[in-house]
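Asks: Got a structure for you, questions after.
The values are calculated or read from the model by the stated rules, or taken from the named source; none is laboratory data. Values in this document were obtained by computation on a predicted structure and should not be read as measured data. All Cβ positions, glycine included, derive from the backbone under ideal geometry; neighbour counts span all protein chains shown. Accessible surface is based on the protein model in full, side chains and every heavy atom, while ligands, DNA and RNA are left aside. Shrake-Rupley method; radii C 1.70, N 1.55, O 1.52, S 1.80 Å.
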Amino acid sequence: QVQLVESGGGLVQAGGSLRLSCAVSLLTFSTYVMGWFRQAPGRERAFVAAIGTSDTGTEYADSIKDRFTISRHDATKTVYLQMTKLTPEDTAVYYCAALNVGTWARQDDYSYWGQGTQVTVSS
């Protein structure tokens, strides 16, 4: 049973920071691209960031570039999303997901998903 468990969400004031974590139970975690997506109220789930395997790079949505940083630690099978300069527009449920083969920003290509963690940014 593959599990992805997000944590670190919460309520923060505009301009603040949060770090999300996602603990993954995949045996072959190091071979998966890991992504973060978010779903704001009344909107569809959207790509935020992804990180490849073995230093193959990262990809970010334009809306969060230079504010968010994705990283991974293969030894502990954890992926992180460091979020800075948060605005109310960043309010959403944030999901992590695992991709074996496919397009990093395409959520349909991801095989496994977490349950999500709520991030609320107050103005």
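Asks: Considering region 3-18 alone, what residues qualify as being over 14 Å from Trp36 (Cβ atoms), open to solvent by less than 50 Å² (accessible area, probe 1.4 Å) and hydrophobic (A, V, I, L, M, F, W, C)?
Replies: Val12
Asks: Next question, about the same structure. Could you list, in sequence order, the residues of region 62-73 that are open to solvent by 20 Å² or more (accessible area, probe 1.4 Å) and at pLDDT 95 or above? Walk me through how you get there before you give the answer.
Replies: Of the residues in region 62-73, the ones open to solvent by 20 Å² or more (accessible area, probe 1.4 Å) are 62-63, 65-67, 69, 71-73.
Selection gives Asp62, Arg67, Thr69, Ser71, Arg72, His73.
Asks: Just to verify a result, which residue in region 105-123, among those that are open to solvent by less than 50 Å² (accessible area, probe 1.4 Å) and under 19 Å from Glu59 (Cα atoms), is farthest from the chain's Cα centre (by Cα)?
Replies: Asp109
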